[in-house]
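The structure appears below as structure tokens.
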Amino acid sequence: MAKAVINTGSQIGNGVIVNTGVIIEHHNRVGDFSHIAVGGSLGGDVSVGKNVWVGMGAIIRNGLSLKAGAVIGAGAVVVKDITKEGTYVGIPASLLNPHLNHA
Ligand SMILES: CC(C)(COP(=O)(O)OP(=O)(O)OC[C@H]1O[C@@H](n2cnc3c(N)ncnc32)[C@H](O)[C@@H]1OP(=O)(O)O)[C@@H](O)C(=O)NCCC(=O)NCCS
């Protein structure tokens, strides 16, 4: 979408939404059917699994991985790998409902 930037060496899968004003920095990988919502930012060398939803304005620090199916809430800042499916919010991002038994 308008004003999105996809920088050098980044690979975007099939059916991905790169929404308005998103920044996908260098050497990132975005899995099929993921959605990077308005204003989200991926630092360099981030690996996003399939069917991931990165909410509006979320920031994913460079070098991290997001597990397939993860949901990152609006405005979150992810500073560690997301290794389990679930919804993560806040700064630093943490699991929204740790009592749910996510796979
Ligand atoms: C993270 C999200 C998916 C959670 O949705 P949900 O499961 O319906 O959660 P709820 O709205 O019921 O909120 C549950 C709790 O999480 C908190 N919360 C929800 N979203 C949050 C966020 N982004 N950051 C911090 N806290 C959040 C709520 O305040 C609430 O806290 P409480 O239990 O203390 O009252 C959603 O809020 C969100 O951020 N969606 C992204 C929207 C977006 O970017 N759309 C793209 C448009 S292009």
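The aspartates and glutamates within cross-link reach of Lys3, meaning a Cα-to-Cα straight distance under 19 Å and a gap of 8 or more places when in the same chain, are Glu25.
For the stretch 25-64, the orientation-averaged shadow of the C-alpha convex hull comes to 2.3 nm² (one quarter of the hull surface).
Calculated accessible area for the stretch 5-98 comes out at 48 Å² per residue, all protein chains present (probe 1.4 Å; ligands, DNA, RNA ignored). Taking only protein heavy atoms and a 1.4 Å probe, the accessible area of the stretch 5-98 is 57% carbon and sulfur. Taking the three principal axes of the alpha carbon atoms in the stretch 5-98, the coordinate ranges are 35, 22, 20 Å, sorted in descending order.
The H on the amide N of Tyr88, modeled in the peptide plane, is under 5 Å from the matching H of Val71, Ile72, Gly73, Leu96, each at least 5 residues off or on a different chain.
The values are calculated or read from the model by the stated rules, or taken from the named source; none is laboratory data. Note that the structure is predicted; figures quoted are calculated from it, not measured. In case anyone asks, the SASA skips ligands and DNA or RNA and just uses the protein heavy atoms, side chains included. Shrake-Rupley method; radii C 1.70, N 1.55, O 1.52, S 1.80 Å.
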